[in-house]
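Some notes on the structure that comes next.
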Amino acid sequence: MRAANSCPLARLSTQELKVARMFSAGYSYKEVAQKLNLAPATVRNVIQRVYAKLDICGKAELATLVSHATI
């Protein structure tokens with residue numbers, strides 16, 4: 001069980017956080033996949049999980065959350 005943290009990104013797994021940070025920094029699905037040795041479809045699935053966990057619906061919202069993160 002994780003300690004309470006006011007940062008929404010604390011809800012993400014290590015992999016989800018890596019993918020979210022790269023994707024919000026402007027990397028494409030394909031670029032994230034290549035850098036993390038994943039399939040592009042896996043990256044898309046991870047991003048969808050991230051959006052669901054954070055209750056957001058787009059890259060702009062993700063970028064805002066990541067840029068203001070304190071973890």
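The values are calculated or read from the model by the stated rules, or taken from the named source; none is laboratory data. Because the structure is a prediction, the values reported are computed rather than measured. We place every Cβ from the backbone using ideal geometry, glycine too, and count neighbours over all the protein chains shown. SASA here: full protein model, heavy atoms, side chains in, ligands and nucleic acids out. Shrake-Rupley method; radii C 1.70, N 1.55, O 1.52, S 1.80 Å.
Here are a few things to note about the model shown:
- Applying 0.36 nm per residue to the separation of Thr42 and Cys7 and subtracting their alpha-carbon distance, the gain on full extension is 10.1 nm.
- Working from Cα pairs under 8 Å separated by at least six residues, relative contact order for the chain is 43 percent.
- Counting only protein heavy atoms and a probe of 1.4 Å, the accessible surface of the stretch 10-64 is 51% carbon and sulfur.
- For the chain, a simple Cβ point-charge model (Lys and Arg +1, Asp and Glu -1, everything else neutral) yields a dipole of about 160 debye relative to the Cα centre.
- Only helical runs count toward this figure. For the chain, summing -39,500 (n - 2.57) over DSSP H runs of n ≥ 4 and dividing by all residues gives -18000 deg cm²/dmol at 222 nm.
- Accessible solvent surface per residue of the chain, calculated while the other protein chains remain in place, 1.4 angstrom probe, Å²: 64 Å²
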